[in-house]
Amino acid sequence: TISSPLATQIPQAAGAAYALRRDGGKQCAVCYFGEGAASEGDFHAGLNMAATLGCPVIFYCRNNGYAISTPSVEQYRGDGIASRGIGYGIDTIRVDGNDIWAVYAATKAARKIAVEHNRPVLIEAMTYRVSHHSTSDDSSAYRSKKEVEDWSKRDNPVSRMRAWLENKGWWANGDDAEIAKSAKAEVLHAFSAAEKLKKPSIGLMFEDVYDQLPPELERERKEIDALVRKYPDYYQVHDFARQ
Amino acid sequence: MYPHAVSSILLARSGKAAIRGRLLPTAARRLYSSVTENDNVEPIRGLDLGVAHSKLLLRTVSAVRSNSELRTLGVAEGETRKMNMCQAVNDAMRHALTTDETSVVFGEDVAFGGVFRCSVGLADDFGRERIFNTPLTEQGIAGFAIGLASMGHTAIAEIQFADYIFPAFDQIVNEAAKYRYRSGNQFNVGGLTIRTPCSAVGHGGHYHSQSPEAFFAHVPGLKVLMPRSPVQAKGLLLAAIRDPNPTIVFEPKILYRSAVEQVPVDEYELPLSKAEVLKTGKDVTVVGYGSQIYALENAIQMIERDMPGVTCELIDLRTILPYDAETVAESVNKTGRLVVAHEAPRTQGFAAELAAEIQERCFLRLESPIQRVCGLFIPHPLVYERFYMPCAVRTYEAIKNSLSY
């Protein structure tokens, strides 16, 4: 499930991993977060709990150099996130996050440790955030365009993979033009189909707060129903599916 | 005298005769925050106060046999055992652990038995993989519990004191409460139960006395309970553990030792979101929960003693979220008057919610303004606790105000 507060998933991953351990299926949990989220209290709580309780979980930190506008030099003063793993007694590796095979190898090794020994592993994957943080961000406000272009040319995980594939003779320049075109068309098609869909029916707003609808929410549902029936144009009900 | 178990033991040792009617000599004066055992003063006039003398507890087997709710649940006729509230909590957890292989109990210091001994013997019987200590991190405990519950396991997490629940607030409010809703019911953390000792204990001060139920009563998606006794604690906790929603159970710590009842040994779940009418009356409705029930019992005794003919209806809310407004409204429609009491500070406390809801439902029936008797709007004090608390005397005054408006 998705939530906005950062790092909350870290101790949750430790708990989920503990459940997996108890279930006996030799599975592990894997938990992703950025170097910014690793400053949150939940990071420290989660890693410490995973280590002390023996949770089969891979903590994977994507260190891309920026948390919105905050560069990593303002995020921490120690040796990245990897140095913290040592402090918690956790097996740790720092890996080139733009090297797909390095990441694959590190994650595979981490999984083996996690499920065979029931203990956590910390992977810090070093990379660079080429894009803006989000569509609400214009990163030229805090970094030079040149910095971004240099990184993108010099150390681009997609280009590196392409070069590796071409080197192997498994990919030729131009193979991707057709794929790029059809992938884009597919996305745009899905996008416009989704835009045409009606929003979920209004009554669903009250579902799943609890497993069953309590009396108070039943009352509120009736209240909103009556309001919407009274002022349909204000509430734009035609955008929503019928009950 | 309200139920301060520790201080009443110490004062009893010093000899009641020595302090009746006059101040203690300096050398013998106890530096605790409770009032003296000078119970001949106004308005007590010799009334036996507190949980130790409460008639609401099911102290005898016959009291259990005749309890209508336990009869409905089918445990009124079975074997009972004398238990205090922490033993009842222990028993509830035992039933959960025995019947649900995925259930685990964890928190700070729970393995050796817990600082209030609520988890005594559990590690021996169920093993250290299921009953374990965590490092000292409430946010970690809550997050870990959510992770366990999200995998369909049953997580029974202890927060050592309710005063320390605040680091876990983000996990509880932003994660646990919203888990089912935000995923369109694809996932849930219904298997999550947090239990935590709360409320005044006589010497707790700012950080061992808080009753933070109001913070959580404001969060859609959570359930919040507070039991008043061993029988209630066992049934409500077991119901909470098995309820498919994240639930917080606040356990008034002063009742752990001082509240003793005959408790059915079989398992039973008390209904959530169902208030209990403990005593019927026609003139005023008095609502509370947790340890406050005993102060209310005493206040009502004083009212009915001083105003012959007046009868008060006492209601234990039991579940604070989602709460049983129906039972309270039905009572107020009968009596026309409402007094709500809780230890938590008055402003924005739960009584404000109940007062607003009941005035909306019963406006024309009300004969007097709804009275709220609550903790003062100050951090829970140490030496001043007797003034802070919504004690029997302050509640007595409020009920009188309500009746004489």
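In Å², what does the accessible area per residue of region B:186-281 work out to with a 1.4 Å probe?
27
Do you know the Lys pair count in chain B for C-alpha distances under 14 Å, with sequence separation 8 or more or different chains?
Taking chain B as the scope, the lysine pair count is 6.
Within 10 Å of each Cβ of A:50-61, how many other protein chain Cβ atoms are there on average?
Mean partner shielding for this stretch: 2.
Give, to the nearest whole percent, the P(r) tail of the protein assembly as shown beyond 45 angstrom, counting all Cα pairs.
So the pairs more than 45 Å apart make up 32 percent of the total in the protein assembly as shown.
Quick one: Kirkwood hydrodynamic radius for region B:333-405, alpha-carbon pairs, angstrom, one decimal?
For region B:333-405, the Kirkwood estimate is 12.8 Å.
Please give every one of the lysines within straight-line cross-link reach of A:Lys146, meaning a C-alpha to C-alpha distance under 23 Å, and leave out same-chain neighbours fewer than 8 residues apart.
none
What length, rounded to one decimal in nm, is gained on full extension from B:Phe169 through to B:Arg45, with 0.36 nm per residue of separation minus their alpha-carbon distance? Intermediate values should be presented prior to the final figure.
Numbers: separation 124, 0.36 × 124 = 44.64 nm, distance 4.43 nm.
Residue separation times 0.36 nm, minus the Cα-Cα distance, leaves 40.2 nm.
How big is the antiparallel share of DSSP beta bridges in region A:35-137, given as a percent to the nearest 5?
Given both bridge residues lie in region A:35-137, the antiparallel proportion sits at roughly 15 percent.
Which Rg and Dmax, in Å, describe the Cα atoms of chain A?
Every Cα atom of chain A included, Rg and Dmax give 23.5, 68 Å.
Explain nothing, just the number: relative contact order of chain B, from Cα pairs under 8 Å at least 6 residues apart, as a whole percent.
Value for chain B: 17 percent.
Within 9 Å, Cβ to Cβ, of B:Ala325, how many net charges do the neighbouring residues add up to if Lys/Arg are +1 and Asp/Glu are -1? Could the numbers behind the result be given before it?
Numbers: positive: B:Arg361; negative: A:Glu216, B:Asp324, B:Glu326, B:Glu357.
Neighbour charge sum, excluding B:Ala325 itself: -3.
Of the chymotrypsin sites (Phe, Trp or Tyr not before Pro) in region A:72-143, which ones lie in a loop per DSSP and count no more than 13 other C-beta atoms within 10 Å? Walk me through the intermediate numbers first.
Details: sites: A:Tyr76, A:Tyr88, A:Trp101, A:Tyr104, A:Tyr128, A:Tyr142; in loops: A:Tyr76, A:Tyr88, A:Tyr128, A:Tyr142.
Taking region A:72-143 and a limit of 13 other Cβ atoms within 10 Å, the loop chymotrypsin sites (Phe, Trp or Tyr not before Pro) found are A:Tyr142.
Which three semi-axes in whole Å describe the equivalent ellipsoid of chain B, each the square root of 5 times a Cα gyration tensor eigenvalue, listed largest first?
33, 25, 21
So, in Å, what gap is there between the alpha-carbon centers of region B:34-101 and region B:180-221?
The two parts, judged by their Cα centres, are 23 Å apart.
For A:Lys184, go through the aspartates and glutamates and keep the ones whose alpha-carbon is under 13 Å away, minus same-chain ones fewer than eight residues off.
Cα-Cα hits under 13 Å: A:Asp176.
Looking only at the protein assembly as shown, where both bridge partners belong to it, what percent of the DSSP beta bridges are antiparallel (to the nearest 5)?
So the antiparallel bridges in the protein assembly as shown amount to around 20 percent.
For a protection proxy built on the mean count of beta-carbon atoms within 10 angstrom, sort A:37-43, B:104-110, B:179-185, A:164-170 highest first, please.
Going by the mean number of other Cβ atoms within 10 Å, highest first, we get B:104-110, A:37-43, B:179-185, A:164-170.
Short version: ³J(HN,Hα) in whole Hz for each residue of region B:52-67, in order, from phi by Karplus 6.51 cos²θ - 1.76 cosθ + 1.60 (θ = phi - 60°), x for Gly and Pro, what are they?
Calculated HN-Hα couplings, in order: 4, 10, 5, 8, 7, 6, 8, 7, 10, 4, 5, 5, 5, 4, 9, 6 Hz.
Any idea what angle helix A:9-23 forms with the longest principal axis of chain A, computed on alpha-carbon atoms, 0 to 90 degrees, nearest 10?
Here the helix axis deviates by roughly 80 degrees.
For region B:238-397, what class follows from the C-alpha gyration tensor (a ≥ b ≥ c being the square roots of its eigenvalues): rounded when a/c is under 1.5, otherwise prolate if a/b is larger than b/c, else oblate?
Values: a/c = 1.39, a/b = 1.19, b/c = 1.17.
Rounded, because the longest to shortest axis ratio a/c is under 1.5.
Under the definition of partner shielding as Cβ atoms of other protein chains within 10 Å of a residue Cβ, what is the mean value for peptide B:216-223?
2
Can you give me the Rg/Rh ratio for region A:80-163, using Cα atoms for both radii and the Kirkwood formula for Rh? Write out the running numbers ahead of the final one.
Working: Rg = 16.2 Å, Rh = 14.9 Å.
Checking Rg against Rh, the ratio lands at 1.08.
Within a 10 angstrom radius of each residue's Cβ in B:96-108, how many Cβ atoms of other chains show up on average? Whole number is fine.
1
The values are calculated or read from the model by the stated rules, or taken from the named source; none is laboratory data. Keep in mind that this is a model prediction, so the values were computed, not measured. Note: ideal-geometry Cβ built from the backbone for every residue, glycine included; neighbour counts use all protein chains shown. With ligands, DNA and RNA removed, areas are computed over all heavy atoms of the protein, side chains included. Shrake-Rupley method; radii C 1.70, N 1.55, O 1.52, S 1.80 Å.
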